[in-house]
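Chemist: One structure, pasted below without further comment.
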2 protein chains.
Amino acid sequence: MPAIEDGPSVPAARERARAIPEAAVARLAVYLRVLSAMSEQGVSSVSSEELSAAAGVNSAKLRKDLSYIGSYGTRGVGYEVGVLVDQIERTLGLTRKHSVAVVGIGNLGHALANYGGFPGRGFPVTALFDVDPDLIGIPVGGIPVHHIDDITAVCAEREISIGVIATPPPAAQAVCDRLVQGGVECILNFAPVVLQVPDTVEVRKVDLAVELQVLSFHVARRADQAQVDAMADAREDGDRTGIDGMVVR
Amino acid sequence: MPAIEDGPSVPAARERARAIPEAAVARLAVYLRVLSAMSEQGVSSVSSEELSAAAGVNSAKLRKDLSYIGSYGTRGVGYEVGVLVDQIERTLGLTRKHSVAVVGIGNLGHALANYGGFPGRGFPVTALFDVDPDLIGIPVGGIPVHHIDDITAVCAEREISIGVIATPPPAAQAVCDRLVQGGVECILNFAPVVLQVPDTVEVRKVDLAVELQVLSFHVARRADQAQVDAMADAREDGDRTGIDGMVVR
DNA sequence: CGGACTTTGTGCATGCGTTCACAAATGGCT
DNA sequence: AGCCATTTGTGAACGCATGCACAAAGTCCG
């Protein structure tokens, strides 16, 4: 175990963080949840094979993902659940609490606010905002609702690090601008709008319509494939099938 | 023009669908929304440059994405908005309506049910399910709630093509199994659980906790980077900074 | 104590997706 | 009619992520 050794040690550990592929980060979060569940069930050790199966990924990929955060496994044995949980939490920055603000207390906003201390601890929702005068002042999920005009001030004051936008599309960009002005550098956007932000700000988008449309694409692809198959079959006995014939199986 | 020649002819048009990268499909959905908005504003023609800017992507990528669905642009001019909308809708399979079932009428389920005919038409929510006896029979967003024991029967009967899981984590797998048994081949999963499904079924996952944790990672990365910068500065005048010193700016 | 077995960590090849850069095509202008 | 400006469509290079396959490392058992 090296002493302090300055140069390489600390920055190396820090810069490694930059090298983790985005996709791997998302998977680490999944591993973390699985590991937490195991930990609660008293499992103390796990192999890459078991963990990867539980997380639904390839075991080699899992090991590579874990290697991004360091070598915490024991060859011939596996990983210690507790150690892995700690290391992943550290890598994901979950050792510090991140205050979350939710803007737009419609159906979705309600759902988010009531999550309370978000799934898998560590994300206290500490501020809510809306335009509707009827909502302001009334607590939702124990948290009072402020007017969106106060976003900038409140976010700056409470050092909000993550802003969640759950407003109707037309309001999203204006809300986003205020969040940014209030010092928020990470935004989770549920509004179906492409947000314009300075490149110091990180945006992640959850778009229901897109998700459904991607699924729709797969339904269509499947139907087409079934049709192609049917035509291949039909060709064998004379090709009697109409081009737009629908195949139900 | 080849006669039957097996492979190429009709299947070519169909197989193209299979060749569209998943990532491109998701972007097509975004383009579609932007285009619809333009169409409503009376814009009839658009260049790849304009459209890509509005969608927040590189113009070359946009053109390549559009090329996956065919050549519908005019060189020197651009694309006709209406044509593009039609073609994308066709590719995404939006010409047929896809009935959607939502399972789990908690906060999130409510939000989903009340979306009504989902953002950007074409996804009527036609069935709701929950376990809570108090909810059953009472309409939410105009749609009556059934018991989850009836999932299989109702889905089969109404030819539901997309199932949305918005239940607590422990219930998710069982619900999923019933949806699959009812003939649902596409599932949108909001529960933080890795679903096990036959590989004929397509699952897309929306995981709030993962999204937040990825953002958290970025916050941490940024803080670390600031720290590294600060240490580099400090080193110049003697390196007095403690290793775990936090840098607030 | 040594050998066999297990499991990690990773170099390498493969494949996919993104980006560049340019030829081909089209409309408008003189 | 011919040329120029513009913009598409795509071949090719690049880069990243995935998956394989194996050496290194460690445990367990006889």
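The values are calculated or read from the model by the stated rules, or taken from the named source; none is laboratory data. Just so it is clear, the structure is predicted and the values come from calculations on it, not from any experiment. Positions of Cβ are backbone-derived with ideal geometry, glycine not excepted, and every protein chain shown enters the neighbour counts. The area values use the complete protein model at the heavy-atom level, side chains included, leaving out ligands, DNA and RNA. Shrake-Rupley method; radii C 1.70, N 1.55, O 1.52, S 1.80 Å.
Chemist: Taking H placed 1.01 Å from N in the peptide plane, check which residues at least 5 places from B:A127 or on another chain put their amide H under 5 Å from its amide H.
Modeler: Those qualifying (amide H under 5 Å, at least 5 residues apart or on another chain) are B:V100, B:V102.
Chemist: Quick one: with label points 7 Å out along Cα→Cβ, list the inter-copy distances for B:E157 in nm, shortest first?
Modeler: Sorted ascending, the copy-to-copy spacings read 5.5 nm.
Chemist: Classify region A:100-206 from the C-alpha gyration tensor, please: rounded if a/c falls under 1.5, else prolate or oblate depending on whether a/b exceeds b/c.
Modeler: It is rounded, given that a/c, with a ≥ b ≥ c, falls under 1.5.
Chemist: Evaluate peptide A:25-34: per residue, the Cβ atoms of other protein chains within 10 Å of its Cβ; return the mean as an integer.
Modeler: Mean partner shielding for this stretch: 5.
Chemist: Now a separate question. What's the carbon and sulfur percent of region A:9-91's accessible surface, probe 1.4 angstrom, rounded to a whole number?
Modeler: 48 percent
Chemist: Applying 1/(1 + (r/R0)^6) with R0 = 30 Å to the Cβ-Cβ distance of B:H147 and A:N114, what FRET efficiency is obtained, to the nearest 0.05? Let's see the in-between values first.
Modeler: Values: r = 24 Å, r/R0 = 0.78.
The calculated FRET efficiency here is 0.80.
Chemist: Please list the non-local residues whose amide H lies under 5 Å from the amide H of A:L135, H modeled 1.01 Å from N, same-chain partners needing a gap of 5 or more.
Modeler: none
Chemist: Sticking with this one: Given a 1.4 angstrom probe, I'd like the percentage of the accessible area of region A:100-206 that is carbon and sulfur, rounded to a whole number.
Modeler: Carbon and sulfur atoms account for 55 percent of the accessible area of region A:100-206.
Chemist: If you don't mind, there's one more thing I want to ask. Let me know the mean shielding of B:198-210 by other chains, meaning the per-residue number of their Cβ atoms within 10 Å of its Cβ. Walk me through the intermediate numbers first.
Modeler: On the way: counts 0, 0, 1, 1, 7, 2, 6, 3, 5, 6, 11, 11, 12.
Mean shielding by partner chains, rounded to a whole number: 5.
Chemist: With a 1.4 Å probe and all protein chains left in place, how much accessible area per residue does region B:9-90 have, in Å²?
Modeler: 52 Å²
Chemist: Moving to a separate point now. Find out how many positive minus negative residues lie around B:A191, taking Lys and Arg as positive, Asp and Glu as negative, among other residues whose Cβ is under 9 Å from that of B:A191.
Modeler: With Lys, Arg at +1 and Asp, Glu at -1, the neighbours total 0.
Chemist: Continuing with the same structure: Extension gain B:T95-B:E22, at 0.36 nm per residue separation less the Cα-Cα distance, in nm? Let's see the in-between values first.
Modeler: Numbers: separation 73, 0.36 × 73 = 26.28 nm, distance 1.96 nm.
Length gained, B:T95 through B:E22: 24.3 nm.
Chemist: With 19 Å as the cut-off, how large is the P(r) tail for region A:9-91, expressed as percent of Cα-Cα pairs?
Modeler: When all Cα pairs of region A:9-91 are counted, 31 percent exceed 19 Å.
Chemist: Find every distance from the label point of A:G42 to the corresponding label point in the other copies (7 Å from Cα along Cα→Cβ) and write them in nm, one decimal, shortest first.
Modeler: Label-point distances to the other copies, shortest first: 7.3 nm.
Chemist: Keeping all protein chains in place, calculate the accessible area per residue for region B:145-184 (probe 1.4 angstrom), answer in Å². Write down the numbers at each step before the final one.
Modeler: Details: 1710 Å² over 40 residues.
Spelled out: the 1.4 Å probe surface of region B:145-184, per residue, equals 43 Å².
Chemist: Say a label goes 7 Å from Cα toward Cβ at A:Q196 in every copy; what distances in nm does this one have to the rest, shortest first?
Modeler: Result for A:Q196, in nm, nearest copy first: 5.0.
Chemist: To the nearest 100 Å², how much accessible surface do chains B and A cover up together, summed over both, with a 1.4 Å probe? Write out the running numbers ahead of the final one.
Modeler: On the way: alone 15590 and 15580 Å², together 24210 Å².
About 7000 Å² of accessible surface is lost on pairing.
Chemist: How many Cβ atoms of partner chains, on average, are near each residue of A:219-227 if near means within 10 Å of its Cβ?
Modeler: Across A:219-227, the average partner-chain Cβ count within 10 Å equals 6.
Chemist: Can I ask one more? Taking the alpha-carbon centroid of each part, what is the distance from region A:206-226 to region A:143-205 in angstrom?
Modeler: A separation of 30 Å, based on Cα centres.
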